[in-house]
Amino acid sequence: MRIDIITGFPGILEAPLNESIIKIGRKKKIAEINLHDLRDYTDDRHRTIDDYPYGGGPGMVLKVEPLVRALREVFKEAPEKEARILLPSPRGQRFNHKAAVGLSLEKHLVFLCGHYKGIDQRIHEFFNIDEISIGDYVLSSGEIATLAIVDSVVRLLPGVIKDIESAWSDSFSEELLDAPYYTRPEIYEGKRVPKILLSGNHADIGKWRQEVRERDTRERRPDLYENYQKSIK
Ligand code: ADE
């Protein structure tokens with residue numbers, strides 16, 4: 001998969017994209033990730049990427065010209081018709097595990113990182129862009145939402161994590177929250193690991209995990225639990 005990220009603040013992205021699972025995906029050449037500094041596509045001395053909103057009000061708006069130029073550069077290297085362009089925004093469709101699975105099947109993702117009040121709406125008149133929200137709260141930076149989405153997608157690409165089964169059986173892929181996990185030591189300051197996990201009886205452990213998943217989902221996320229009940233009927 002190819003991922004291009006157009007950003008006015010590449011520093012927010014650099015370290016997280018070079019650690020852990022994403023780093024493995026890049027090293028194995030399963031995910032090629034390119035950062036594009038929006039300021040490189042400006043044409044004024046101050047490398048201005050934002051300006052005041054027409055109609056007034058607080059905050060700044062990302063200018064349309066550098067964004068269009070940056071996207072056109074990307075599409076010189078890879079055809080636009082094979083790309084999904086994504087704009088993380090609280091106004092977007094809600095992102096979830098299912099959406100991550102969908103994106104993991106794409107060939108090319110292009111992210112536009114908004115800032116301040118957002119980006120000049122006319123960008124939508126030049127490109128087909130999907131707005132995508134990671135939750136009902138406002139981040140100061142589209143880069144942070146982009147990272148969350150990129151991480152959740154890259155880990156699903158075959159070959160990135162050893163046990164792809166484990167990625168597919170994570171919380172939400174079966175509409176139930178995942179079970180809690182324990183590791184050594186067996187006793188820490190008097191607190192024990194649940195006995196069943198030490199039994200070696202995999203059928204019983206499986207049954208225990210399923211029960212805990214159902215209980216926790218019912219208590220913590222009744223909305224998911226309702227879907228789960230419908231799905232097993
Ligand atoms: N940018 C700012 N807030 C956001 C959110 N909740 N989801 C995606 N992008 C955002």
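Going through the stretch 153-219, which GluC sites (Glu not before Pro) have at most 13 other Cβ atoms within 10 Å and a DSSP loop state?
Values: sites: 165, 174, 175, 186, 189, 211, 214, 219; in loops: 174, 175, 186, 189.
Passing both the DSSP loop test and the Cβ count: 186, 189.
Any idea what diffusion coefficient the stretch 73-142 gets from Stokes-Einstein, in µm²/s, Kirkwood Rh on alpha carbon pairs, 37 °C, 0.692 mPa s?
So the translational diffusion coefficient is about 252 µm²/s.
Going through the stretch 38-104, which trypsin sites (Lys or Arg not before Pro) have at most 10 other Cβ atoms within 10 Å and a DSSP loop state?
The qualifying sites are 45.
Taking the number of other C-beta atoms within 10 Å as the exposure measure, put 140, 199, 89, 133 in order starting with the fewest.
140, 199, 133, 89
Would you tally the net charge around residue 88, using a Cβ to Cβ cut-off of less than 15 Å, leaving residue 88 out, and scoring K and R as +1, D and E as -1?
On the way: positive: 84, 91, 94, 117; negative: 4, 130, 131, 136, 143, 151.
That sum, taken over residues with Cβ under 15 Å, equals -2.
Can you give the net charge of the other residues whose Cβ lies under 13 Å from the Cβ of residue 55, counting K and R as +1 and D and E as -1?
-1
With Cβ to Cβ distances under 10 Å as the rule, what net charge do the other residues near residue 77 carry (K, R +1; D, E -1)? Don't skip to the end; give the middle numbers.
Values: positive: 2, 76; negative: 4, 73.
Charge balance in the 10 Å sphere: 0.
Mind scanning 28/207; 23/98; 27/76 and naming the pairs with a C-alpha gap bigger than 30 Å? Intermediate values should be presented prior to the final figure.
Values: 28/207 36 Å; 23/98 23 Å; 27/76 24 Å.
Going by Cα-Cα distance, 28/207 fall outside the 30 Å limit.
Compute the normalised compactness of the stretch 2-154: alpha-carbon radius of gyration over 2.2 N^0.38 Å, N being the residue count.
Normalised by 2.2 N^0.38 Å, the Cα Rg of the stretch 2-154 equals 1.00.
Using 1/(1 + (r/R0)^6) with R0 = 45 angstrom and r between the beta carbons of residue 182 and residue 45, what's the FRET efficiency to the nearest 0.05?
According to the calculation, E is roughly 0.15.
List every residue whose amide H lies under 5 Å from the amide H of residue 119, counting only residues 5 or more places away in sequence or on a different chain, with H placed 1.01 Å from N in the peptide plane.
62
Return the sequence-ordered ³J(HN,Hα) values of the stretch 64-70 in whole Hz as given by the Karplus equation 6.51 cos²θ - 1.76 cosθ + 1.60 applied to θ = phi - 60°, using x for Gly and Pro.
6, 4, x, 5, 4, 4, 5
Of all the stretches in the chain, which is the longest one without any exposed loop site, taking chymotrypsin sites (Phe, Trp or Tyr not before Pro) in a DSSP loop (any state but H, G, I, E, B) with at most 10 other Cβ atoms within 10 Å?
With chymotrypsin sites (Phe, Trp or Tyr not before Pro) excluded where exposed in loops, the chain gives 55-136 as its longest stretch.
7 Å from Cα along Cα→Cβ at both residue 151 and residue 164: what's the point-to-point distance in nm?
Between residue 151 and residue 164, the simple spin-label model gives 2.3 nm.
No value in this document is a laboratory result; all are computed from the given coordinates. All values derive from a computational prediction rather than experimental measurement. Cβ atoms come from the backbone with ideal geometry, glycine included; neighbour counts cover every protein chain shown.
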